[in-house]
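Please treat every number below as a calculation from the coordinates, not as lab data. Please read all numbers here as calculations on a predicted model, not as lab measurements. Using ideal geometry, Cβ is built from the backbone for each residue, glycine included, and neighbour counts are taken over all protein chains shown.
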Amino acid sequence: MDSFLDPTRRHFLRGSALGLGALALGDVLGAQEAGALPHFAPRARRVIYLFQSGGPSQLETFDYKPLLNAKNGEQLPESVRRGQRLTGMSGNQSSLPLAGSLFRFAQHGASRAWVSELLPHTARIVDELCFVKSMHTNAINHDPAITFFCTGAEMAGRPSMGAWLSYGLGSANRNLPAFVVLVTQKPVDQPLYARLWGSGFLPSGHQGVQLLAGPSPVLYLANPAGVSPLARRRMLDAAAKLNQEQLEREGDPEILTRMAQAELAYRMQVSVPEASDVRDEPDEVFELYGPDSRAPGTYAHNCLLARRLAERGVRFVQLFHPGWDHHGGLPAGMRGLCKETDQASAALVVDLKRRGLLDDTLVVWGGEFGRTNYSQGKLTADDYGRDHHPRCFTTWLAGAGVRAGTTHGATDEYGYNLLEPETDGVHVHDLHATLLHLLGIEHTRLVYRFQGRDFRLTDVAGRVVNELLA
């Protein structure tokens with residue numbers, strides 16, 4: 001798989017008119033030639049990834065640790081820490097006091113899953129979820145950690161998850177991108193940068209398309225004032241002829257990628273406004289997702305958009321909800337973040353199921369790492385913070401091919417280490433391998449040669465976690 005656009009496809013396009021029909025057939029050929037995917041029958045046809053940026057605390061959401069409440073204020077035992085590294089934010093503290101959660105936990109559903117009082121809506125759907133309490137990662141700081149989760153590498157420059165899927169599987173709807181990104185519009189300290197949904201060294205047509213809040217979801221998509229649809233069509237046809245000449249002269253496949261993007265943008269002038277206009281949704285849908293779902297740019301609105309995009313064939317929809325980085329003021333911060341996200345996250349699963357979409361849609365919820373069991377900064381009776389913790393945290397999955405109503409893995413009674421790391425641990429590469437498997441892809445075979453090396457999303461690691469599969 002040396003190139004997305006091999007000589008066969010270039011020769012085809014050289015001898016064909018560069019209209020919509022030729023480009024559509026070119027897209028089909030490219031998808032077939034980019035690895036003959038899927039490798040086997042998929043359980044999932046699309047993914048909605050609810051990325052909670054900043055590292056939500058597992059100890060205030062799903063990982064119930066009563067021992068921390070019993071030992072609240074006592075020092076983290078060295079036998080538990082085992083000399084593991086800390087960040088520079090708490091590593092120099094003279095004291096590392098254990099911090100029990102201020103929030104009550106209860107068991108829910110037939111699965112008896114533990115859920116915090118902060119997440120009452122999620123508690124009602126636990127029998128649809130597969131909790132992975134043994135997630136772990138390499139990075140201890142945000143930039144490399146979120147980059148690792150989104151691209152499979154800690155350093156910038158690799159293709160993102162959605163870009164890999166676009167490259168391997170192509171689009172199921174030629175009028176919409178294969179990979180769409182939705183970001184909650186809110187003021188936060190940590191930026192979310194476009195390289196998290198970039199194409200890296202893959203052809204640029206595979207990068208995620210961010211839909212913005214407001215009347216113009218995609219920048220520069222609408223025709224400028226005074227430019228008619230016919231004028232835009234003629235302009236694209238003229239540009240295509242010039243680009244074809246350059247392509248024949250230089251053989252640069254990125255030229256064809258740009259041409260395809262221009263044609264997709266032309267088709268998106270109709271498809272994107274239709275998909276992003278939620279006014280045709282009945283009132284009961286807005287009630288399901290919550291009052292924020294009527295406000296563009298909110299997490300709830302984006303969850304509703306994700307469902308609309310999924311039912312229109314978008315392969316990979318990634319929502320980013322920032323703000324989960326609670327080094328201090330964690331109780332108040334968690335109350336606010338959970339209120340913003342709980343109802344809509346649960347509603348998405350419910351909505352997909354009742355529409356028959358959950359059977360072949362995979363939903364993933366989680367952040368880039370977890371939080372420490374000790375308090376960063378001063379521990380008081382009603383306030384504390386938690387530092388970054390990559391050793392163990394919780395993610396949940398729902399939908400296509402997932403073993404619903406189960407919990408995989410566990411942490412020790414202090415919530416600091418995995419209980420059975422060798423057998424139950426789920427690394428980021430393992431999660432990626434499992435997601436690809438559900439989509440019908442053997443992760444070791446989805447490769448792209450760049451600078452003399454075959455790259456893949458899972459790098460040189462990763463295993464399919466069969467325990468998560470139905």
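Some values worked out for this structure:
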quantity	calculated
Helix axis angle, 142-151 relative to the chain longest principal axis, alpha carbon, degrees	50
With Cα atoms, 0 to 90° folded angle of helix 229-250 axis to the chain main axis	90
Length-normalised contact order for segment 369-411 - Cα pairs under 8 Å, 6+ apart - percent	35
Label point distance in nm, M155-A404, each placed 7 Å from Cα along Cα→Cβ	4.4
Inter-part distance where segment 41-87 and segment 203-259 are each reduced to a Cα centre, Å	44
C-alpha center-to-center spacing [segment 96-170, segment 364-399] in angstrom	10
In the chain, lysine pairs with alpha-carbon atoms under 21 angstrom apart (chain gap of 8 or more, or interchain)	4
Whole-number percent relative contact order across the chain, with pairs defined as alpha carbons under 8 Å at least 6 apart	28
Added length on full extension, which subtracts the Cα-Cα distance from 0.36 nm per residue, R312 to Q93	73.7 nm
Gained length - R279 relative to R258, 0.36 nm times residue gap less alpha-carbon distance	4.3 nm
Distance in nm between pseudo-label sites at E245 and D189 (7 Å out along the Cβ direction from Cα)	5.6
Principal-axis tilt of helix 299-311 within the chain, Cα atoms, nearest 10 degrees	50
Antiparallel content of DSSP bridges confined to the chain, in %, to 5	50
For the chain, calculated [θ]222 nm from helices alone, where every DSSP H run of n ≥ 4 adds -39500 (n - 2.57)	-10500 deg cm²/dmol
Order by protection proxy (mean Cβ within 10 Å, highest first), peptides 377-387, 111-121, 337-347	337-347, 111-121, 377-387
Size of charge dipole - the chain - debye, nearest 20, with Cβ of Lys, Arg +1 and Asp, Glu -1, no other charges	680
